[in-house]
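**Student:** Below: one structure in structure tokens.
The values are calculated or read from the model by the stated rules, or taken from the named source; none is laboratory data. Owing to the predicted nature of the structure, the values given are computational and were not obtained by experimental measurement. Counting neighbours? That spans all protein chains shown, and the Cβs are built from the backbone with ideal geometry, glycine included. Side chains included, ligands, DNA and RNA excluded: accessible areas come from the protein's heavy atoms. Shrake-Rupley method; radii C 1.70, N 1.55, O 1.52, S 1.80 Å.
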Amino acid sequence: MARPPERIRLGDLLVQQGLLTDEQLKLALAEQKRSGRKLGRIFVDSGYVTEEGIARALAHQLKAEFVDLRNFQPKPDLIKLIPEAQARRFRTLVLDEKDGLLRVGFADPTDLAVYDEVARLARRDVALAVITESQLMPLLDRVYRRTEEISNLAKDLTQEMGEIPGDFGALLGITPGAEDAPVVKLLQTVFEEALKTRASDIHIEPQEKALVIRFRIDGVLHVQTEADNKISPALVLRLKLMSGLDISEKRLPQDGRFNIKLRGANVDVRISTMPTQHGESVVMRLLAQNTGLLQLDKLFMPPRVLERFRQSISRPSGIVLVTGPTGSGKTTTLYAALNELNTTEKKIITVEDPVEYRLAGLNHVQVHEKIDLSFSRVLRTALRQDPDIILVGEMRDQETAEIGMRAAMTGHLVLSTLHTNDALTSPIRLLDIGVPRYMVALSIQMVLAQRLVRVICENCARPHELLPHEREWLKYELGERVDAFKYREGAGCAHCANTGYIGRQAVYEFLEMTNALVEAANHGDPNDFIQIGREQMAGNTLRRDAVRVVVNGRTTVDEAMRISSQLEE
């Protein structure tokens, strides 16, 4: 259709189509008069009708098509006919072009002024389609990537550096009134894009002929842009200034942190610099402070693992360890546990480096090695603060581990992490760093090991036919039942940046210190301990849980095999 009619009364339309009662309409109109909110939003928030229900009703009335953006493959060249600012302001998206007509989706197809402005911007005849705002906004975040803008800002910085300005401080944004300095604008855009794409880390890597900026998204690195390596010193210098590092030291690694506000969110940035052959490499971990804490029952733990983990953390004393490599979600799991344990009757102290989450009611302590505020020193002090529960960010040395285990043996519940490959080798690791055998045997209640697997994008999920090597790998866990299940993969779409995955979830295994394991840890050799542990964990390994996630259709066989290969290294 062409231009929408002059006036559509949304409430009457929904009543007419049986989606709303007269009484609900009266209540909504009264609320609109009181609050001034949009009527459609009141209908949705009140639970009278869904957003999609409203969109489909409007599409039916306008004789237009409703487009489900969850299954839509955007066309970048057409989308950019409308600039990002206008697309967000007007809540609209160019869908496709056919027979000389540009089909455009509108979240509010009744707004005639928006329709006319979009037609003017696109300079085409527009055919109206109806979309929902909740599906539109995340899609705009993905399709209006700022890669080109970042590249252009990097080129501008290269040009300005080539001109050797007299005021180098203005170039770097370190003099008053230099907020629009080239380096500041470039870094601000990089940080905003990283947050928009759900990146956990930013890598700035000087190479021989280029400076490469990469984002780690869902555990995998993606190249964001490449620029002239000439701008590398300016970027590193600016970041060092922001994090209070020594700008004159370029030969030694440095670590620091700073805080920035992006898109209304406070973000802690942990920075690490390292000298390389072609300049200083920088890696930044982004920790959003307003990230909502997950509940234990939202972590996709198998029922038996969740039951045993809850029982372990509900005990008044002992150590519960969560193990895995860096970036495997250990802290998220521990804070989900603390969120459940956090009551006014319990004093909880956390000792971390850095403090990744902030939970009301907890006493968070940030370790600071440079002023000798170490894990062991803070932990000794914490024990004099009469805590019920202590979270130790990491048992990284003998002294910290021993203090934590003594605390566990004297009536405190201690939660901590350890970098080991699986649950079974964690007690052995503690023995290796020098912790007395009796402490390991008597203090550990449970070891939970985890890894993260990428989750299949639901917008482009499709059936997957097993490859011969995948079938053989699955047979190890499933036997002849391998063909009894349906397998999936992601085809790749705009919603997942053509990766086929969006987000991650953990897979788990656990080891409980039974009497037999305590005896083996206290008196036997490591081989006896491992043999008894394997018998206890039979059928409850990380590999088995990864297969469970595959047959449930949440991840791919390839992801499960990747986890398995890490365990076998």
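**Student:** Looking at (1) part of a loop (DSSP other than H, G, I, E, B); (2) among the charged types (D, E, K, R); (3) buried (at least 20 other Cβ atoms within 10 Å of the Cβ), which is the one condition that is false for Glu394?
**Tutor:** With respect to (1) part of a loop (DSSP other than H, G, I, E, B); (2) among the charged types (D, E, K, R); (3) buried (at least 20 other Cβ atoms within 10 Å of the Cβ), Glu394 is out only on (3).
One line per residue, one yes/no per condition, for (1) under 15 Å from Thr323 (Cα atoms); (2) basic (Lys, Arg):
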| residue | (1), (2) |
| --- | --- |
| Arg384 | no, yes |
| Glu394 | yes, no |
| Thr410 | no, no |
| Leu415 | yes, no |
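**Student:** Now for a separate question. Here are the criteria: (1) without any contact (Cβ under 8 Å) to a residue 12 or more places away in the chain; (2) of a type outside the set (A, V, I, L, M, F, W, C); (3) open to solvent by 80 Å² or more (accessible area, probe 1.4 Å). Tell me which single one Arg471 does not satisfy.
**Tutor:** (3)
**Student:** Given the criteria among the acidic types (Asp, Glu), under 20 Å from His364 (Cβ atoms), open to solvent by 20 Å² or more (accessible area, probe 1.4 Å) and modelled with pLDDT under 95, does Asp297 qualify?
**Tutor:** no
**Student:** Now for a separate question. List every residue pair whose Cβ atoms lie under 8 Å apart, where the two residues are 6 or more positions apart in sequence or sit on different chains, the first residue falls within region 330-356 and is without any contact (Cβ under 8 Å) to a residue 40 or more places away in the chain, and the second residue, located anywhere, is in a strand (DSSP E or B) and of a type in the set (Lys, Arg).
**Tutor:** Short answer, once both residue conditions are applied: none.
**Student:** Out of (1) assigned to a strand (DSSP E or B); (2) without any contact (Cβ under 8 Å) to a residue 24 or more places away in the chain; (3) charged (D, E, K, R), what's the single condition that is false for Asp483?
**Tutor:** Unmet for Asp483, out of (1) assigned to a strand (DSSP E or B); (2) without any contact (Cβ under 8 Å) to a residue 24 or more places away in the chain; (3) charged (D, E, K, R): (1).
One line per residue, one yes/no per condition, for (1) more than 18 Å from Arg358 (Cβ to Cβ); (2) modelled with pLDDT of 90 or more; (3) touching a helix residue (DSSP H, G or I) at 6+ places or on another chain (Cβ under 6 Å); (4) of a type in the set (Val, Ile, Thr):
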{"residue": "Asn259", "(1), (2), (3), (4)": "no, no, no, no"}
{"residue": "Pro275", "(1), (2), (3), (4)": "yes, yes, no, no"}
{"residue": "Arg308", "(1), (2), (3), (4)": "yes, yes, no, no"}
{"residue": "Gln311", "(1), (2), (3), (4)": "yes, yes, no, no"}
{"residue": "Gly318", "(1), (2), (3), (4)": "yes, yes, yes, no"}
{"residue": "Ser328", "(1), (2), (3), (4)": "yes, no, no, no"}
{"residue": "Leu334", "(1), (2), (3), (4)": "no, yes, no, no"}
{"residue": "Leu338", "(1), (2), (3), (4)": "no, yes, no, no"}
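**Student:** Name every residue in region 390-422 that is hydrophobic (A, V, I, L, M, F, W, C) and without any contact (Cβ under 8 Å) to a residue 40 or more places away in the chain, in order of residue number. Spell out how you get there, then give the answer.
**Tutor:** To start, the set of residues in region 390-422 that are hydrophobic (A, V, I, L, M, F, W, C) comprises 390-392, 395, 401, 403, 405, 407-409, 413-415, 418.
Across region 390-422, the qualifying residues are Ala401, Ile403, Ala407.
**Student:** Considering only region 540-553, state which residues are of a type outside the set (S, T, N, Q) and either touching a helix residue (DSSP H, G or I) at 6+ places or on another chain (Cβ under 9 Å) or part of a helix (DSSP H, G or I) (or both).
**Tutor:** Filtering region 540-553 down to residues of a type outside the set (S, T, N, Q) leaves 542-551, 553.
Hits for region 540-553 are Leu542, Arg543, Arg544, Asp545, Ala546, Val547, Arg548, Val549, Val550, Val551.
**Student:** Taking the condition of being open to solvent by 40 Å² or more (accessible area, probe 1.4 Å) and either outside any helix (DSSP H, G or I) or under 14 Å from Gln450 (Cα atoms) (or both), how many residues in region 554-564 meet it?
**Tutor:** Qualifying residue count for the region: 2.
**Student:** Of the residues in region 499-508, how many are assigned to a loop (DSSP other than H, G, I, E, B) and either open to solvent by 20 Å² or more (accessible area, probe 1.4 Å) or farther than 30 Å from Leu221 by Cβ (or both)?
**Tutor:** First, pick out the residues of region 499-508 that are assigned to a loop (DSSP other than H, G, I, E, B): 499-500.
Filter once more, so that each one left must be either open to solvent by 20 Å² or more (accessible area, probe 1.4 Å) or farther than 30 Å from Leu221 by Cβ (or both): 499.
Here the count works out to 1.
**Student:** So which residues in region 178-197 are of a type in the set (D, E, K, R), without any contact (Cβ under 8 Å) to a residue 24 or more places away in the chain and farther than 15 Å from Asp156 by Cα, if there are any at all?
**Tutor:** Answer for region 178-197, where residues must be of a type in the set (D, E, K, R), without any contact (Cβ under 8 Å) to a residue 24 or more places away in the chain and farther than 15 Å from Asp156 by Cα: just Glu179.
**Student:** If you don't mind, another one. Sort out which residues of region 509-536 are crowded, with 19+ Cβ neighbours inside 10 Å and assigned to a helix (DSSP H, G or I), and write them in order of number.
**Tutor:** At the first step, the residues of region 509-536 found to be crowded, with 19+ Cβ neighbours inside 10 Å are 509-511, 513, 517, 520-521, 529, 533.
Passing the criteria: Leu517, Ala520, Ala521, Phe529, Gly533.
**Student:** Scan region 347-379 for residues that are more than 19 Å from Ser272 (Cβ to Cβ), surrounded by fewer than 19 Cβ atoms within 10 Å (Cβ to Cβ) and in contact with a strand residue (DSSP E or B) (Cβ under 6 Å, 6 or more places away or on another chain) and jot them down.
**Tutor:** Asn363, His364
**Student:** Which residues, taken from region 198-225, are open to solvent by 20 Å² or more (accessible area, probe 1.4 Å) and among the hydroxyl-bearing types (Ser, Thr, Tyr)?
**Tutor:** Selection gives Ser200 alone.
**Student:** Among the numbered criteria (1) under 19 Å from Ser443 (Cα atoms); (2) touching a Leu at 6+ places or on another chain (Cβ under 9 Å); (3) open to solvent by 10 Å² or more (accessible area, probe 1.4 Å); (4) not polar (S, T, N, Q), which one does Arg543 miss?
**Tutor:** (1)
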